[in-house]
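The values are calculated or read from the model by the stated rules, or taken from the named source; none is laboratory data. All values reported here derive from a predicted model rather than from experimental measurement. Here the Cβ positions follow ideal geometry from the backbone for every residue, glycine too, while neighbour counts run over all protein chains shown. Each accessible area value is taken on the protein alone, full model and side chains, heavy atoms only, with ligands, DNA and RNA left out. Shrake-Rupley method; radii C 1.70, N 1.55, O 1.52, S 1.80 Å.
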Amino acid sequence: MLRPPARRFARNSVVKTNGIGAAHARLNVLAWWAGGPRRVVKGHRTSSFPAPSRVAERAAGRLSLEAYREILDLVPSPSVVLDEHGFVVECNRAFADLLQAREPTLIGEPLLAWIHSTAETGAFGRAFQGLRSRPPGHDFLLELTLTSAVGPIACGVQGRKLSSGHVLVTCASAEVREPSPERDMGNAIKRSLEALDQGMLLLDGHGQIVHANPAARVLIGGRPVGRNFLELIPPARVDDVTRAMTVASAGTWHDELDLSTVDGEIVPVELSLAAGRGHNAPAVALFRDLRDRRQRQFEVQLAALIDRQLLSSPRPRETIPAACRTLIDTLGIEQVSVIARVADGWERWSVHPDRSPRIGPVPASGPPAAWSEVHGVFQANLDDPQVVALFGVDGEIVTQRGLRTALQVALPASSGVVGHMLVIGRIGTVEAARAPTLLGKLAPQFGLSLANGLLLAETEAFAAYQSMLLDQTTVMLNSLDGQGRVVSWNRASERLLGIPADEARGRVFGLDVAPSADPDRWRELWQELVETGAIASELVVRDRDGKAIPLHIEGRLLRDVAGAAAGGAVLVGLDLRHRRALEEQILKSQKLAAVGLLAAGIAHEINNPLSGVVGYSKLLLDKPLPPEVRARVEKIAVSGERCQKIVEGVLLFSRQQEGQDRRPVDIRAIIDRVVAIGEYQWRMHNVQILRDVGDTPEIVEADGDQLEQVLLNLLSNAVDAMPRGGTVRIKLARLPDRRLQLDVADEGHGIPEEILAHIFDPFFSTKEIGKGTGLGLAISYGIIKDHGGDILVNSRPNEGTTFSVVLPAEGPNRSPTPTQRGV
């Protein structure tokens, strides 16, 4: 888990009442009341105070010079206040006496005018320029030689930046001395060491600090001179540094460790040690503050971690809360909320330290339009009800908002601001100097991830909508790529072929998936589609179980707006099985109509001659005839009767003979009569009839004679299917929808699958010639359909056949909906 590096807190330096510190303290207090920018110098650090109003600041600005004058008169040391360009704005009498000049002549003059040498002038200029870019409270120490009326004066000069932007320069000590090249060289070296931005400590042979440059004093705090260097080292590293002092005598030692400041704060530094040769030789310690560098490393690592989280998934509902959770865990934040436009509304993701992320809609119409015009990071107002409502600020935070600080961040993308983030933490937890910069760096990452995620969500929603539209069609509608591989596979294709979309995608249509019964034919159609841009043909494909399905295929090449081929095609397939069934039904109706006409003609033209043939043959049989003649006459009579039966069957099948009136009949009684009629004959064929018909009457509205004919046909077929005998089971039961089902099951040889679909066709028979007309099942099917019912058949070769007659409980419907008989 990433943790932010240690922060440096403000310290109170020791302020003496008779020196420079007292002057600084008085000047800072007065500068704050006179309109300073909300900061008071405390040693070399700053602390925040409530800022006065803008009106008070402007009024205080007019009084600042007078306040400086009042304070400077109380300071015994020579002191002067410089503006941002180095010109004197106020000085005290001690400074005028030092230069042997009158105070009015010093006001408005540059301090550089009284510095003795060019080298010292350059050193002061660099130190002054460096102080301008630093916040109030920073200072510098130099040894300068000032030119006065009585000659050069060596001074220890300290400059400190005030909260008003001015610089207070105080001469800590002064003595008159003659310039010399050796002293100038020593002063130049000292000034160079003093100007280092690294901390430098000079140590004697016992590790005592004998000198500290300004950077070291700023970092360590207080007055380090006279203290032992090991007192600044944490106890766990004292042994390491002690050994390092020995190693440094032979060269240098370099490492990173923590130093303890005078105030007890732990500061990470990069430490280098170099020592002279010999026992108890003096040493130099150089150290650089690593807090800024570690802060930058922390920010880089945090940005990389959040970037990985934002890229871990294309869905912002997963990545945004995870990234917000990382901000909470690493920065100690109390709440992070992100609002963004999703589809037609706004959505909010709120993350708290001890709760699961909450995702929900944003009330009203979303944030004001003006928010999208403001980029960057700025302070949010928790007193604004709109901010509280939009970001879903926790109630406890609202009631204690005076203890919190809130930052609002615009989340930019290439298309503009795509969302807004609110970061809330306790005052002091989210450092004002770091948090805006860090959040400003992270905002583009959040914005880019949010924009890409929302774009993907819109694309997926549109694709889902298109898929939903394609799935509503009842025809096969699929798209192929340039090589004929399946790209999209709609639900109708799944139902028709039994192949899921996941299995179909990426496979070549007509070859690998939904293979054509004639692969060469499909290759020809595909080549025609590529060359001409369109096809329309019939094609037989096989489903997942290998069953052949005839399709009417139409294909079109995909083209872009300009009409150029886009490297793919769309196929539309229509299942022809229903059409073929309708065609067969129409053909059958036409056949039946023809049979009806033929039957009517047969009835008029053949019945009369047949009646004469049969009648005269029977008259002849009543007379004594020679045996050979009688046999021939009997054959004539039998053939004539057979012809009469064929004509009667044809007339009944063609509906030329209507059934009797329908009335309530007991199916159990019909079963008993039919079994009684043929029981003796069936027993002679070694066939046993078993009945499971219950004890209560089962009443239906029907023509009893026609139902007897149907049952007799079914029992006769069952007996004929078992030439060696067997068992025929008759079962009668009510279905859940109150329909009545009559099953007739045999143990015969069964019906081959290839002819199962034709058994109800007229004149179709598997019996030997002379044993059947092929009209029994066709007549039975017509009778049951006329009663509003259906006949289903289930047969397995060598296992037997079951015919199921289903009759409605309410009687026949004279306008029945066509049903498909099961086979």
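Can you list residues from other chains, or at least 5 along the same chain, whose modelled amide H is less than 5 Å from the amide H of Q335?
Hits under the 5 Å cutoff: I424.
Can you tell which of I220, L257, Q301 lies farthest toward the positive end of the dipole of the range 203-306, using +1 and -1 charges on the Cβ of basic and acidic side chains (Lys, Arg; Asp, Glu)?
Farthest towards the positive pole: I220.
Around V210, with a cut-off of 12 angstrom between Cβ atoms, what is the net charge of the other residues, counting Lys and Arg +1 and Asp and Glu -1?
Working: positive: R227; negative: D204.
Overall, the nearby charge balance is 0.
Along the charge dipole of the range 703-765, which of T727, H749, Q709 sits closest to the positive end, that is, farthest toward it, with unit charges on the beta carbon of Lys, Arg, Asp and Glu (+1, +1, -1, -1)?
Going by the Cα projections, it comes out as T727.
What is the packing order of peptides 367-375, 268-276, taking the mean over residues of other C-beta atoms within 10 Å and listing the highest first? Write down the numbers at each step before the final one.
On the way: 367-375: 12.1, 268-276: 18.8.
My ranking of the peptides, most packed first, is 268-276, 367-375.
Taking all protein chains together and a probe of 1.4 Å, list H758, H85 from the most accessible to the least accessible. Write out the running numbers ahead of the final one.
On the way: H758 80, H85 115 Å².
Descending order: H85, H758.
In whole Hz and in residue order, list the ³J(HN,Hα) couplings for the range 353-358 that follow from phi through the Karplus curve 6.51 cos²θ - 1.76 cosθ + 1.60, θ = phi - 60°; x for Gly and Pro.
Here the 3J(HN,Hα) series is x, 10, 9, 6, x, 10 Hz.
If amide H atoms are built 1.01 Å from N in the plane of the peptide, which residues on other chains or at least 5 residues away come under 5 Å of the amide H of V342?
E347
May I ask you to evaluate 6.51 cos²θ - 1.76 cosθ + 1.60, the Karplus curve with θ = phi - 60°, for each residue of the range 468-484 and list the ³J(HN,Hα) values in order in whole Hz, giving x for glycine and proline?
Karplus values, whole Hz, x for Gly and Pro: 4, 5, 5, 6, 6, 6, 9, 10, 5, 9, 9, 10, 10, 8, x, 9, x.
In whole Hz, what ³J(HN,Hα) sequence does the range 310-323 give by Karplus (6.51, -1.76, 1.60; θ = phi - 60°), x for Gly and Pro?
Couplings: 5, 9, 5, 8, x, 9, x, 5, 9, 7, 4, x, 5, 5 Hz.
Could you compute Rg(Cα) / (2.2 N^0.38 Å) for the range 448-585, with N its residue count? Let's see the in-between values first.
Working: Rg = 16.6 Å, N = 138, 2.2 N^0.38 = 14.3 Å.
For the range 448-585, the normalised Cα radius of gyration comes out at 1.16.
Could you put S639, S350 in order of accessible surface area, largest first, with the 1.4 Å probe and the full protein assembly present? Could you put the intermediate results ahead of the total?
Working: S639 65, S350 5 Å².
So, going from the largest accessible area down, we get S639, S350.
How much length is gained if the chain between L582 and E528 is pulled fully straight, taking 0.36 nm per residue apart and subtracting their Cα-Cα distance, in nm to one decimal?
Details: separation 54, 0.36 × 54 = 19.44 nm, distance 3.04 nm.
Computed gain between L582 and E528 is 16.4 nm.
Going by average Cβ density within 10 Å per residue, which order do the peptides 293-303, 740-750 take, highest to lowest? All intermediate terms of the calculation are to be shown ahead of the outcome.
Values: 293-303: 14.7, 740-750: 19.6.
With the highest mean Cβ count within 10 Å placed first, the list reads 740-750, 293-303.
Hey, can you rank 500-513, 677-690 by average C-beta count inside 10 Å, highest first?
On the way: 500-513: 16.3, 677-690: 13.6.
So the order, starting with the most tightly packed, is 500-513, 677-690.
Could you compute the FRET efficiency for A304 and W371, with r as their C-beta to C-beta distance and R0 at 25 Å, rounded to 0.05?
Details: r = 29 Å, r/R0 = 1.15.
So, using R0 = 25 Å, E works out to roughly 0.30.
If a paramagnetic tag sat 7 Å from the Cα of A501 along the Cα-Cβ line, which residues of the range 452-479 would have the backbone N under 17 Å from that point?
457-479, by backbone N distance to the label point.
Tell me, in nm to one decimal, what length is gained between H85 and D705 on full extension, where the rule is 0.36 nm per residue of separation less the Cα-Cα distance? Numbers along the way, then the final one.
Numbers: separation 620, 0.36 × 620 = 223.20 nm, distance 12.72 nm.
Full extension from H85 to D705 adds 210.5 nm.
Could you compute the FRET efficiency for E754 and N607, with r as their C-beta to C-beta distance and R0 at 51 Å, rounded to 0.05? Don't skip to the answer; put the middle values down first.
Details: r = 37 Å, r/R0 = 0.73.
With R0 = 51 Å, the Cβ-Cβ based efficiency is 0.85.
Going 7 Å from the Cα of A343 toward and past its Cβ, which residues in the range 378-407 have a backbone nitrogen under 19 Å from where you end up?
Of the residues in the range 378-407, none has backbone N under 19 Å from the label point off A343.
Cα convex hull of the range 376-532: how many Å³ per residue?
197
Kirkwood hydrodynamic radius (Cα pairs, Å) of the range 310-351? Provide the component values of the computation, followed by the final result.
Details: mean 1/r = 0.0915 Å⁻¹.
About 10.9 Å for the range 310-351.
Once amide H atoms are placed 1.01 Å from N in the peptide plane, what residues at a sequence separation of 5 or more from T727, or on another chain, have their amide H within under 5 Å of its amide H?
For T727, whose amide H was placed from the backbone, the distant partners under 5 Å are Q688, E747.
Run the simple label-point estimate for S415 and Y616 please: 7 Å along Cα→C-beta, distance reported in nm.
Reported label-point gap for S415 and Y616 is 10.0 nm.
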